[in-house]
Amino acid sequence: MINSLTRVWIVGLLGSMALAMAEEPVVENDVLRITHLRLGQQAEPMGIETGQPHFSWRLASVQRGIAQAAYRIVVTEDRAGMPPGAGAPNAEETITWDSGRVESGESIQHPYEGPALAADTRYFWRVQVWDTGGNASAWSETASFYTGLWEDSDWNGAAWIALEEAPEEARLVPGVHVPGDLEPFRERKIGINALPQFRRALTLDKPVHYATASIAGLGHHDFFLNGKKVGDHFLDAGWTDYDAYALYVTHDITNLLQPGENVLGVMLGNGFYNIPPERYLKLITSFGYPKLRFRLQVTYTDGTTDIVVSDTDWKVTESAITFSSIYGGEDFDASQEETGWKYIGFDDSHWQVPVSVKGPPALRSQTVEPMKIFETLESAVVTEPRPGIWVYDTGQNASAIPRIEVEGPEQATVRITPGELLDDSGLITQQASGGPHFYDYTLRGEGRESWQPQFTYYGFRYIQIEGAVPSDVENPGGLPVVHTVESLHVRNAAPTVGEFHTSHELFNQIYHLIDWAMRSNLASVLTDCPHREKLGWLEVAHLMGSSFRYNYDMAAFYRKVIDDMQAAQLPNGLIPDIAPEYVEFDG
């Protein structure tokens, strides 16, 4: 029997879902308009891996009962000096494929059926439709897509380069679950490595039409061009079973290049590729030490191209990241960072030539959405539960990294400890989430300094600061002064496509609680927690699948889930509970 409260909840649920999944608002000035162009269910995808992509779109109209009866798709190649038209194809364009008029009322997943697409090439496409009354729409806006590097030869001889090569005894695959004595792993130098940063200068002497950079940095990478980070991704690329394949990321860097000299810079972190035997760890494993493979293609307006790849023309040295663990945290010594290394004019003659090493057996394009930084959670409450220890409350538990703005003397160190809970004394406790996980930031000593971790994250609400004082309290000891403490929520960038809302606030609160839990476990894999394990438990992908798909566009994400399952599948057909399966759990 359904009581009245349940009936209200069901009605609210159905009404909210209908609103959430409604189409885009209609356009008042057009009878029939084409919107929401998607290729492979993504907008403007980079590095697509298929030679037969599928096209989709939506229709909007101010009139009721309008339906599509036919369509026409045109794909053009982006050649120098031949920009795509805003409307119908014209004689100046290089048409790769014209579907002609196709009688169909379907507007999703129409396959490309033209000549073979070229690797690492930008294409444009647009569509026109006819309604059941025979009326033609205007041409849609022009959308684009980039093809990836489909064969190893497409990398043009790019080498895997590293600061150092891991000795054979440092490899540990599969991993060991909760190792007791860590000393044997340290003796084998498992995870005992310096973190590298790479640099390469190049000169452009002609106007650039477009340029792409493809980068595989293991375990994770940050890519810089002329001092600025390229893109807004976090923990690129996603983690995989590296003995099966690794991911690379494609960036359009056309607008970031400048005439004359340019400087490429890359920093690497460990991730699940290489777990140091220090601090907290759920498991220890190592596929090797961090390494880089890189390819840049520049197409000039005169139609010629230049290609820059990772090789011994690059330079490498240790970065100022002195410790990085996907489980244990990260340390950064700003006093040791070489100022200007990402910029033109830096003297890298004292850096070393990278060593050539072996990489994973295959590379695939990261077509799943990346992780990114989303909400910034500011600390509203600050307490001092013990003299010299300050606890900042951001008000929301989330998968996140801390960001601090601090000012103080050179080589002073501030310790940042995140946590979900406080103990009875008001201090951070990591008893339930895995510890110790913390961050040590050593100051450069040049005015206000802003810092946040690059290659790890944790689940927390509270941020504990030691070795510094808030800016609004007395500081007789001359410690560093903290001006800002924030929590930066990180998650996979799968687009939000639905939401839930009712007139009953309790149900709204329950929904937001569940949604925060989903967002905090939406990483490179669907994790069971953002701190203690960070592993891709397939029960999450299955049992929470409907909840995720009602709220987020998970099409690309679930393709990676399937790829990880295939990589983890055993010869007898069994698929393990976890994919990627870095360790075999007893029982």
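The values are calculated or read from the model by the stated rules, or taken from the named source; none is laboratory data. What you see is a predicted model, and the numbers here were worked out from it, not measured in a lab. All Cβ positions, even for glycine, are placed from backbone atoms using ideal geometry, and neighbour counts span all protein chains on display. Just the protein is used for accessible areas: all its heavy atoms, side chains included, with ligands, DNA and RNA removed. Shrake-Rupley method; radii C 1.70, N 1.55, O 1.52, S 1.80 Å.
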TODO: Assuming R0 = 30 Å, can you tell me the calculated FRET efficiency for the pair Lys228 and Val353, based on Cβ-Cβ distance, to the nearest 0.05?
DONE: 0.70
- [ ] Sort the following peptides by mean Cβ neighbour count (other Cβ atoms within 10 Å, averaged over residues), highest first: 456-469, 104-117.
- [x] 456-469, 104-117
Open item on the list: As an exercise, use a Förster radius of 22 Å and the Cβ-Cβ distance of Asn475 and Glu446 to find the FRET efficiency, rounded to the nearest 0.05.
Closed with: 0.70
TODO: Mind grabbing the accessible area of Trp130 for me, 1.4 Å probe, Å², rounded to tens?
DONE: 40 Å²
Task: Largest-first principal axis extents of the Cα set of region 345-421 (Å) - done: 51, 38, 24
Task: Distance between modelled label sites at Ala43 and Glu466, nm, 7 Å Cα→Cβ extension - done: 4.6 nm
Open item on the list: Report the gain in length on full extension from Gln109 to Leu202: 0.36 nm times residue separation, minus Cα-Cα distance, nm rounded to one decimal.
Closed with: 29.4 nm
Open item on the list: Could you tell me how far the Cα centroid of region 39-73 sits from the Cα centroid of region 515-587, in Å?
Closed with: 29 Å
Open item on the list: Modelling each spin label as a point 7 Å along the Cα-to-Cβ direction, I'd like the Leu182/Glu141 distance in nm, to one decimal.
Closed with: 5.0 nm
Open item on the list: Which one, Gly536, Val482, Ala400, is farthest towards the positive end of the dipole of the chain when Lys and Arg carry +1 and Asp and Glu -1 on their Cβ?
Closed with: Gly536
- [ ] Apply the Karplus parameterisation 6.51 cos²θ - 1.76 cosθ + 1.60, with θ equal to phi minus 60°, to every residue of region 167-177 and state each ³J(HN,Hα) to the nearest whole Hz, in sequence, with x for glycine and proline.
- [x] x, 4, 6, 7, 7, 9, 9, x, x, 10, 7
Task: Around Ile108: net Lys/Arg minus Asp/Glu count, Cβ-Cβ under 12 Å - done: +1
- [ ] Choose one of Trp351, Thr203, Gly328: the residue whose Cα lies farthest towards the positive end of the charge dipole of the chain (beta-carbon charges +1 Lys, Arg; -1 Asp, Glu; about the Cα centre).
- [x] Thr203
Open item on the list: With n ≥ 4 as the cut-off for DSSP H runs, can you work out [θ] at 222 nm for the chain, using -39500 (n - 2.57) per run divided by the number of residues, rounded to the nearest 500?
Closed with: -3500 deg cm²/dmol
Open item on the list: At q = 0.07, 0.12 Å⁻¹, what log₁₀ I(q)/I(0) does the chain have when each alpha carbon counts as one equal point scatterer in the Debye sum?
Closed with: -0.49, -1.32
Task: Thr322 versus Gln336: modelled label distance in nm, points set 7 Å from Cα along the beta carbon direction - done: 0.6 nm
Open item on the list: List the pairs from Lys282/Lys560; Lys189/Lys291; Lys372/Lys534; Lys189/Lys282; Lys229/Lys315 whose alpha-carbon separation is above 21 Å, in the order I gave them.
Closed with: Lys282/Lys560
TODO: Take the eigenvalues of the Cα gyration tensor for region 509-575, scale each by 5, and report the square roots as semi-axes in whole Å, largest first.
DONE: 23, 13, 10
Task: FRET efficiency, 1/(1 + (r/R0)^6) with R0 22 Å, evaluated for Ser546 and Leu513 via beta carbons - done: 0.80
Open item on the list: Quick one: 3J(HN,Hα) in Hz for region 360-365, Karplus 6.51/-1.76/1.60 with θ = phi - 60°, rounded, Gly and Pro as x.
Closed with: x, x, 8, 10, 10, 6
Task: Reciprocal of mean inverse Cα separation for region 155-217 (Kirkwood radius, Å) - done: 16.0 Å
TODO: Enumerate the aspartates and glutamates that Lys358 could reach by cross-link, defined here as Cα to Cα under 19 Å, with residues fewer than 8 away along the same chain left out.
DONE: Glu151, Asp152, Asp154, Glu164, Glu165, Glu168, Glu169, Asp241, Asp243, Asp311, Asp313
